[in-house]
Amino acid sequence: MKFFFIAFLTLFAGHVALAQPTATTTAPLTARLGQVGLTVALAPGGRLTYAVQYGPKTVVNPSRLGLELAGSPGFEGALELVGSELTSTDETWQPVWGEVKTIRNHYQQLTVHLRQPQAPGRLLDVVFRVFADGVGFRYEFPRQPNLAYFVVQRELTEFNLPANHKAFWIPGDYDSNEYAYTTSRLSEVDTTPIEPIQQKAAPTRVQTPLMLKSDDGLYINIHEAALVNYPAMMLSVDTKTFGLTAQLVPSATGAAAYLQAPEHTPWRTLVVSDKAPDVLASKLILNLNEPSKIKDTSWIKPQKFVGVWWEMHVNRATWNYADTSNIKLAGTDWNALKPNGRHGANTANVKRYIDFAAKHSLASVLVEGWNVGWEDWANNWKEEVFDFVTPYPDFDVAGLQSYAAGKGVQLMMHHETSASVTNYERRQDEAYRFMKAHNYDALKTGYVGRIIPRGEHHDGQWMVNHYVRTAQQTAAHHIMVDMHESVRPTGLHRTYPNWMANEAARGNEFNAWSTGNPPEHETILPFTRLMGGPMDYTPGIFQIKLEPWNPAANKGRQVHTTLAKQLALYVTMYSPLQMAADLPEAYEQHPDAFQFIKDVPVDWDDTRIVAAEPGDYLTIARQAKGRDEWYVGSISDENARRQDVRLDFLTPGRRYEATIYADGKDASWDQNPMAYQIRKLKVTSKSTLKLQLAAGGGAAVSIKPLK
Ligand code: NOJ
Ligand code: CA
């Protein structure tokens with residue numbers, strides 16, 4: 001009977017899911033789970049609004065929803081309520097890899113069916129999911145006669161905040177997220193003084209994930225989930241009313257999104273709690289993504305890697321083979337070029353890294369600068385930069401393939417596209433075949449510079465689709481991928497678990513060649529960028545002061561943490577791909593500290609956020625996958641502080657040995673960053689660790705059962 005009813009409506013109204021029509025209803029619709037309450041209403045003028053409460057506190061005051069389409073009318077107003085449904089879901093699922101073994105997905109879903117009665121009469125559904133730790137909602141465009149191909153000009157979604165919250169923000173640059181965070185009140189958001197990396201942002205436009213803290217003690221994170229076939233959402237801040245409005249990254253034509261029904265937007269997400277650790281523990285964004293589309297995931301392996309990489313960033317080697325410019329990809333005789341003598345990706349040097357990885361049981365070696373084109377790769381906005389299959393004359397692909405195999409080490413390939421994405425798309429399939437033919441099963445991509453197709457942005461719909469296609473295409477070749485300079489993640493690693501990490505924020509590398517990252521940076525990233533997914537932050541720099549690598553070029557440059565804090569980042573900055581980013585010779589000088597990097601897992605059964613405050617400190621304990629071993633990472637901003645960690649997560653009655661890698665007594669990130677001390681303690685579930693963190697410092701702890 002129900003089936004017949006639905007089929008009937010599909011035929012005559014083109015609308016697949018309906019309850020009883022209630023066209024005249026204006027009473028608000030509500031949904032609630034735990035402390036989180038949602039109210040949806042049609043305001044005068046047929047504008048749809050929503051509001052969110054956390055217990056008695058207001059998270060979002062009534063805020064507008066809607067979309068402006070090219071060729072009116074869209075869904076900006078004059079809407080009629082056709083019907084609504086409330087359903088409930090409570091299930092659990094297991095990620096292929098991650099921070100916890102099992103994830104609960106528990107929500108109330110309110111679906112609101114709307115109609116735009118003005119000719120030609122279009123249908124829109126808005127689906128809300130209310131979780132115990134926040135709300136997600138998205139727009140859905142059902143299959144219908146009067147809306148097939150359409151263009152979204154503007155999304156009208158608002159987040160009207162009730163007060164002048166503290167915000168952790170970066171400017172709303174359509175092409176880069178590589179900024180340090182500013183902490184200010186919403187009324188003070190102004191991106192003008194910030195040095196733009198790619199493109200000047202409107203002064204009050206900021207990016208998501210946006211982290212907010214209210215004076216009445218709420219922690220609120222605004223982002224999106226499952227960003228596919230749609231531009232990224234930025235937020236424009238009204239510094240007087242504290243209202244935020246969605247700003248979609250425009251395409252080259254100026255319009256936001258080109259869609260065909262049936263289709264839907266990504267989910268807009270609000271994670272909220274009165275405890276900061278709950279925000280970091282939230283699985284709301286992952287839950288709003290589709291389950292894995294990859295059936296056999298046995299080839300996807302979380303891993304640690306080293307790389308011919310930092311030595312280029314610290315000016316000890318070059319990506320390029322020759323010091324020639326104005327090179328054409330086709331027609332250049334690479335063998336005839338005069339080598340500059342500083343090329344990092346040469347066979348002997350790569351072997352050195354393979355030996356190091358083999359000796360210390362690290363899975364793989366990333367090699368950047370192996371392929372021709374680096375002489376001329378940046379800032380030219382030219383299309384033919386790299387072909388991804390031609391090695392430099394001093395990089396022996398076949399020889400290194402067998403050398404690595406003989407040592408049980410994998411090589412990881414690098415594809416810098418120079419943002420010439422049309423060029424990359426033409427060559428991707430051949431490049432991936434080349435990789436597999438030479439036994440590479442993991443790939444790091446990069447999109448430095450201005451996008452080709454010209455006029456597109458890194459975070460627009462065209463590029464969003466490119467990243468997703470790349471995840472799909474690499475999956476088809478059984479390749480794991482880590483994308484740099486991509487759009488920031490939105491939980492799609494659940495759907496494509498081979499898409500293991502992204503950069504999409506200001507990584508450790510900025511410490512090598514810029515003013516660097518302030519000591520608080522790593523306490524903010526988990527509340528912002530990492531809400532969407534793992535980050536390839538490239539932790540593990542031991543040689544904190546960089547002058548020794550190249551005194552002239554690195555004068556005054558340093559990483560803005562202590563050495564112990566670099567260790568702690570392996571726990572606090574979750575990624576299933578973790579680089580041991582420093583040079584082998586740096587690690588060889590500190591084998592006792594390097595032991596932590598060797599031991600620390602990249603895949604976990606459990607995670608406890610012990611203490612957290614964005615911008616100040618963060619302590620996380622995690623249990624290794626399949627083992628009764630725990631690892632603790634604790635980090636501080638520019639202030640020294642004490643952090644107590646109760647070990648009540650350990651198995652009661654069992655005795656363990658804790659190895660504590662702590663800052664030295666007189667350590668600090670700027671004066672004495674490399675001073676550390678290692679001590680061992682016998683502990684049980686009743687013990688409390690007392691960790692002393694230096695200014696800009698941290699502590700890392702491994703806890704293993706005693707036999
Ligand atoms: C920027 C990336 O983030 C970095 O890791 C890489 O080494 C350079 N681009 C060169 O591709
Ligand atoms: Ca601080």
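In region 299-346, of all residues being part of a helix (DSSP H, G or I) and among the aliphatic types (A, V, I, L, M), the one that is surrounded by the most Cβ atoms within 10 Å (Cβ to Cβ) corresponds to 312.
On the given criteria, is residue 309 within 16 Å of ligand 1 (Cβ to nearest atom), within 24 Å of residue 536 (Cβ to Cβ) and in contact (Cβ under 8 Å) with a residue 12 or more places away in the chain? Taking the combined requirement at face value, the residue satisfies it. Taking the condition of being aliphatic (A, V, I, L, M) and modelled with pLDDT of 95 or more, how many residues in region 4-41 meet it? Final tally of qualifying residues: 7.
Taken over region 588-616, the criterion of being assigned to a strand (DSSP E or B), surrounded by fewer than 21 Cβ atoms within 10 Å (Cβ to Cβ) and within 16 Å of ligand 2 (Cβ to nearest atom) is satisfied by 611, 613. Within region 504-518, restricting attention to residues that are open to solvent by 10 Å² or more (accessible area, probe 1.4 Å) and not aromatic (Phe, Trp, Tyr), the residue that is nearest to residue 553 (Cα to Cα) is 514.
Just to be sure I understand, how many residues within region 357-379 are open to solvent by 10 Å² or more (accessible area, probe 1.4 Å) and over 14 Å from residue 416 (Cα atoms)? So the count comes out to 5.
Taken over region 617-641, the residue count meeting the criterion of being basic (Lys, Arg) and within 16 Å of ligand 2 (Cβ to nearest atom) is 1.
Considering only region 673-693, how many residues are hydrophobic (A, V, I, L, M, F, W, C) and open to solvent by 50 Å² or more (accessible area, probe 1.4 Å)? So the count comes out to 3.
Residue 239 fulfils the conditions (1) touching a residue at least 40 places away in the same chain (Cβ under 8 Å); (2) open to solvent by less than 40 Å² (accessible area, probe 1.4 Å); (3) within 23 Å of residue 279 (Cβ to Cβ) except for a single criterion, (3). Restricting 484, 521, 466 to those that are open to solvent by less than 10 Å² (accessible area, probe 1.4 Å) and within 16 Å of ligand 2 (Cβ to nearest atom) reduces the list to 521.
Only residues that are in contact with a helix residue (DSSP H, G or I) (Cβ under 6 Å, 6 or more places away or on another chain) and surrounded by 23 or more Cβ atoms within 10 Å (Cβ to Cβ) were counted across region 414-442, and they come to 1.
The values are calculated or read from the model by the stated rules, or taken from the named source; none is laboratory data. Everything numeric in this text was worked out from a predicted model, so none of it was measured. With ideal geometry, Cβ positions are generated from the backbone for all residues, glycine too; neighbour counts draw on all protein chains shown. Side chains included, ligands, DNA and RNA excluded: accessible areas come from the protein's heavy atoms. Shrake-Rupley method; radii C 1.70, N 1.55, O 1.52, S 1.80 Å.
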